[in-house]
Amino acid sequence: MKRLAAMALAVVAAFGSMAAIQHRLDAMRSPQPEDELLYLPNEHLLEHFTAGMSGVIADLLWIRCLLYTGKHFRGDHDFTWLNHLCEMTTRLDPYFVDAHRYGGVFLAMLRADDDACIRLLEKGMVNNPDAWELPYEIAMTYLLNRPNQPDSAVQAARYLAMAIKTGKAPPHVLVLAEALQRDYNLLDVEREMWESMRGSDDRLLRDLAEHKLILVELRVACANLGQAADRYAAERGAPPKTVDDLATAGLITALPKDPLGGSFFIDVEGHVQNTSVLDEQVERARTVLRGGLDAFRQKHGRWPANLEELETAGRLDGLPRHPYAGRAWHYDAAKGTVE
Amino acid sequence: MRIIAVAQNTFRESVRDKALYVLLFFAASTILGSKAIGWISIGQDIKVMKDICLAAVLMFGVLIAIFVGTTLVHKEIDKRTLYTILAKPMRRYEFILGKYLGLASLLGLVTVVMTVAAVLYVVALGGGVDLVFFEAALLIYWELLLITAFAILLSSVTSPILGALVVFSIFVLGHGTRILADLPRQFDDVAGKRALELLYYVLPNFSNFNLMREAANSVPVSGAYVAWAMLYGTIYSAFLLAAASAAFERKDV
């Protein structure tokens, strides 16, 4: 009995000390830089040397992609390697519909890279012609990310028609397609999309959908407050100075709450705005600018002298306007950063 | 009849090999552990499980084929049991064929057991299995038969360790031969391009047997494709066994 107890004690002591050492080693070791992803082999080569395990490697890369997206979604919103990970995953498993689908959603919604999103989804459609989800997501990208493009509604309707043609699309896609043809209110389309994603089993997707739904409601609240402001101006002959004036005048019962901690205000152009909505738009616009700056540097080996050079060099179709009226982008030509 | 006797003996001997059970234990652990990896994917646990289960069937089947196959002939020489066998009225090619069929039966049993276990596990956890899953398992078995033929050939001409290394290299490279047929444009004016393209048809193309991606994503595959792939494997294996028999005939034992 004593011998057994001594042995158990020895085992506990051995594993306890090893755990302590491991903890110390982990603390001493600097965090792995994500630039390791740069050293993943080219997907064209990788595909040939997986010894038949390309499906499993694609699964592992997809999980890595989800962890990467989750980490940066809750952190710095820098999604530099997202496209690379999605491309590699889908190259290794071209039948992986959800990697195409959610990879595309992440690229469009988080990295603000509509082109990469549409490219990835169209590539997926070639190998998975029966997957209604892929043309549906392209349609959503046209509607939500390119609302100002003249033919976006036409393109969206075209892709929705493709989704319906698979014969597998759920009824709401048919409803959307019909509604689009009647010049549908796009805010409702967006709300419906995030609502369906909120039912996902995955926490990352649920969190993203929750966040986006809050932003949709804040935009609706801005529109309602804007109408109240118009009534205020019509009744009193002058626009309100602050949103509180609307409550004081009895045009609204109370200011809506912003669960993201932002606030409503009237900007210099007289529009009712919300800081959470604008901050998100700032982040998206900065991501677009950063993408243009990186592409410029890759081609010319230097940062552009000013942001307008991105437009003249063909790196961006047009400079995004600063979402806060009256503010401008502060560009540091030495570091290539935009604030 | 003599071939069957050698095959039965090889099967019995291989079943008693402890290494087989160690590999099967790891295969079972991998199949059971696939659910854990599936948990962290977005609703893709069944797809991930199918991928890992089929990969485990292939990988552990390959390890069994290599470790058992490359020692089959060498062990008989080392233990001097070969002299007793060859003293009987038996041709050397019959010995090689018997060894091959014995190991092929073992691999068949292992593949069936692992596939059935994988299917039960996937179904028990709420997934579904299509015909393509079984087609994938069938072609994995045909791939194992081809690898076994390589292992028997190498077992007849070289040492077990060297043979195992060579066969494993062939297995890895055999999945990447497509690169020889998809040479980049830089090769357009290179004289060796034709030779490399010819090499594509000479080297074994294990990708022909790989339906794992289709199985995991439930993408149907025609029966004709499966039949052609099996014919390819059968002809290649027959050629290798003929080469192994010829090499063994010349071997001074």
B:P204 meets each of (1) within 14 Å of chain A (Cβ to nearest Cβ); (2) assigned to a helix (DSSP H, G or I); (3) not β-branched (V, I, T) with one exception, condition (2)
Taking segment A:99-109 and the residues there that are touching a residue at least 40 places away in the same chain (Cβ under 8 Å) and within 10 Å of another protein chain (Cβ to nearest Cβ), the one that is farthest from B:R213 (Cα to Cα) would be A:Y102
Within segment A:81-98, of all residues that are hydrophobic (A, V, I, L, M, F, W, C) and more than 8 Å from chain B (Cβ to nearest Cβ), the one nearest to A:D294 (Cα to Cα) is A:W81
In segment B:218-253, anything under 14 Å from B:R91 (Cα atoms), assigned to a loop (DSSP other than H, G, I, E, B) and among the hydrophobic types (A, V, I, L, M, F, W, C) is listed as B:V253
*asked:* One residue is enough: does segment B:57-64 have a residue meeting the conditions in contact with a Pro (Cβ under 8 Å, 6 or more places away or on another chain) and surrounded by fewer than 23 Cβ atoms within 10 Å (Cβ to Cβ)?
replied: no
Mind checking whether some residue in segment A:119-139 is within 20 Å of A:L289 (Cβ to Cβ), at pLDDT 85 or above and either within 11 Å of chain B (Cβ to nearest Cβ) or surrounded by 20 or more Cβ atoms within 10 Å (Cβ to Cβ) (or both)? no
Any hit, segment A:147-164, residues being among the polar types (S, T, N, Q), surrounded by 17 or more Cβ atoms within 10 Å (Cβ to Cβ) and in contact (Cβ under 8 Å) with a residue 24 or more places away in the chain: no
The condition from (1) without any contact (Cβ under 8 Å) to a residue 24 or more places away in the chain; (2) farther than 17 Å from B:L101 by Cα that B:K50 misses is numbered (1)
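For B:L196, indicate whether it is farther than 28 Å from B:V48 by Cα, of a type outside the set (F, W, Y) and buried (at least 17 other Cβ atoms within 10 Å of the Cβ). Step through it out loud before you land on a result.
Values: farther than 28 Å from B:V48 by Cα: yes; of a type outside the set (F, W, Y): yes; buried (at least 17 other Cβ atoms within 10 Å of the Cβ): no.
Criteria not met by B:L196.
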Heads up, the helices (runs of 4 or more DSSP H) in segment B:26-125 (entirely inside) with at least 1 residues that are within 14 Å of another protein chain (Cβ to nearest Cβ) are B:45-69, B:92-124
The correct count of residues that are under 13 Å from B:E143 (Cα atoms) and either modelled with pLDDT under 90 or more than 14 Å from chain A (Cβ to nearest Cβ) (or both) in segment B:212-226 is 1
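The values are calculated or read from the model by the stated rules, or taken from the named source; none is laboratory data. This structure is a prediction, so every number in the text was calculated from the model and none was measured. Cβ: placed from backbone, ideal geometry, glycine included. Neighbour counts: every protein chain shown.
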